[in-house]
1. Determine, for 43, 200, the number of other Cβ atoms within 10 Å of each Cβ, and report the residues in order from fewest to most.
2. Rg over Rh of the range 64-194, using C-alpha atoms and the Kirkwood radius, what does it come to?
3. For the chain, what does -39500 (n - 2.57) per DSSP helix run (n ≥ 4), summed and divided by total residues, give at 222 nm, in deg cm²/dmol to the nearest 500?
4. Quick one: what Rg and Dmax do you get for the chain from the alpha carbons, in Å?
5. Write down the percent of antiparallel bridges among all DSSP beta bridges whose residues are both part of the chain, to the nearest 5.
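Bear in mind that the values in this text are calculations on the coordinates, not laboratory data. Fair warning: this is a prediction, and the values are worked out from it, not measured in the lab. Note that we place each Cβ from the backbone using ideal geometry, even for glycine, and neighbour counts take in every protein chain shown.
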């Protein structure tokens, strides 16, 4: 097969998608059922972390919503995301655009899932995208994360890594470990990517705009304060 650029190419006849990392046939059958990645009840999705209980007033603002997206296998997948009710419309629009663009997403499963048990590092290692998680900021155990209020979400952590720097701007932490940010890889967010532009136009902050001088760069992360 000839070398193909990282940009997706769509075949008019077979609806194939090619990238430098993946070759697959897009599932366009209207009657094809999506691959189910998450199908939890509201109670299951909002199950509390016994080691970090969210206040009731926070839980009351959260909503559990079904989202569909193209997986790295080229099939339509169905997952669920937990977000603050006032941030949900933008997030649903993000996933709708991601599907239209055939931007691949590994999975979207609430952090309460037994595979992750509220552990952000487990979720990231599994390349899982998620929203709400009542936890503190990575590297700062005294400060609540935006995820704790459901006003932040992460996409494809393996492709869009989190990196922390010291005061000399030297890298001191990377997660997932042994993963590297490659702008050309499918499923990767970049400053000029339509999904990033779309969210920034709606007032969201993208962690990929942060710099080593600020102490961190978080390519997977979107947030919008209340």
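1. 43, 200
2. 0.96
3. On the way: 5 runs with 35 residues, N = 226.
Using -39500 (n - 2.57) per qualifying helix, the result is -4000 deg cm²/dmol.
4. In Å, with Rg to one decimal and Dmax whole: 17.5, 56.
5. 85 percent
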